[in-house]
Amino acid sequence: HGERGVRELPFVFVFGRSDFTVSFFGANIYPENVTVGLEQPEIREWVTGKFVLESREDEDRNRSLAVAVELAPGVAADDAKAQAIAESIVAQLRRLNSEFAHYVPPERQLPRVALRPIGDPDYFPLGVKHRYTRKSE
């Protein structure tokens, strides 16, 4: 269009974001907040940046936030790394997501982090575009 101040805008899909959130205690957990936790110094040396976010419920109906994280090539999984990653993720969720900070009970905020090898077929199959969330079984 030649009119002054009027430009054609690219198509934007605005309402798709909910497909990539996980609802946890009424709070929407956004993948980009988890990404910031994985980009912190030291943590980023251990991971590829790929993760799968899930809200799980056990047989007693206790809910937990679970994050499967893909390890970088040559990095071994251990409890200290899983704990450091969980603490980094929760720190960023508290900082960036007021719903998470206020709605999720403090004792339920620390996610359960599972460290997965690169290309894990259940979470990170090779050649498949990354997905941030997965439907509960």
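Taking amide H positions as modeled 1.01 Å from N, with prolines and chain starts lacking one, the residues under 5 Å from VAL113 and 5 or more places away or on another chain are VAL67.
What ranking, highest mean first, results for peptides 58-64, 112-118 when packing means the other Cβ atoms within 10 Å averaged over each residue? Intermediate values should be presented prior to the final figure.
Numbers: 58-64: 8.6, 112-118: 17.7.
Averaged packing, sorted descending, gives the order 112-118, 58-64.
Restricting the calculation to Cα atoms, every distinct pair contributes to the Kirkwood radius of the stretch 17-104, found to be 13.6 Å. Extension gain, ALA77 to ARG56: 0.36 nm times the residue separation minus the Cα-Cα distance gives 5.4 nm.
As an exercise, use a Förster radius of 22 Å and the Cβ-Cβ distance of ARG108 and ARG44 to find the FRET efficiency, rounded to the nearest 0.05.
0.25
Rule-based calculations on the coordinates, nothing more; no lab input. Being a predicted model, the structure only gives us computed values, none of them experimental. With ideal geometry, Cβ positions are generated from the backbone for all residues, glycine too; neighbour counts draw on all protein chains shown.
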